[in-house]
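One structure below.
The values are calculated or read from the model by the stated rules, or taken from the named source; none is laboratory data. Please read these numbers as outputs of a predicted model, since none were measured by experiment. When we count neighbours, we look across all protein chains shown, and the Cβ atoms used for this are built from the backbone with ideal geometry, even at glycine. Please note that ligands, DNA and RNA were not included when accessible areas were found on the heavy atoms of the full protein model with its side chains. Shrake-Rupley method; radii C 1.70, N 1.55, O 1.52, S 1.80 Å.
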Amino acid sequence: MSHPATLLVIGIHREELAFGQAVAVDLDPASVQVLAIPDGLSGRHPRADQRFHWDTLHRALYLQLRPHVRRGHHLLIDLHTGIDQAAPCADLYSRDPARLTAALARRDALAPPPRLISLGDAVTGPGAQTIIPEAVWNDPDCLYVGMEIYLADPGPGRPAEREYARALIAALTDAERAG
């Protein structure tokens, strides 16, 4: 059985699942396969005495994604949310921000353009630090993109915020299919 080249993961943090579901409902299943995590971790930062346990669970949850990615996906989009009154806006995290720049350039202007952040070693300096296992974000067979969509309020998001997320997902998916 073949799968779409893009796997969209929603609900890694349970507070973000409602937004992910609202975005996913209008995606073309022939282009994007959605993997919902119904019992994700809390996205709230743990207390110092809970940090080790939370980090361990977080890494274990991400490592469970690897068998899903191995089924022919070339793009893994990990959808998250943040809060910003200037919403909608986004940060995209990847080991290859230049590839994201090229993908987004093929699309009509996305307003506002997302901020691109390198994971790992960047050409111009150190990239962002993450507790996501390197085996996930630096997989040579699948490009990982952490997509942080900023909403004005927590929850399923406003129509413009959901459409902005869909436009970013479509731009990345279209570029991946075009090769």
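In table form, for the structure just shown:
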| quantity | calculated |
| --- | --- |
| Ile83 versus Asn138: modelled label distance in nm, points set 7 Å from Cα along the beta carbon direction | 3.4 nm |
| Accessible area (Å², per residue) of the chain, counting only protein heavy atoms and a probe of 1.4 Å | 52 Å² |
| Gain on full stretching of the segment that runs from Arg70 to His45 - 0.36 nm per residue minus C-alpha separation | 6.0 nm |
| The chain: relative contact order as a whole-number percent, Cα under 8 Å and 6+ apart | 30 percent |
| With every protein chain in place, region 59-179: carbon and sulfur % of accessible area (1.4 Å) | 53 percent |
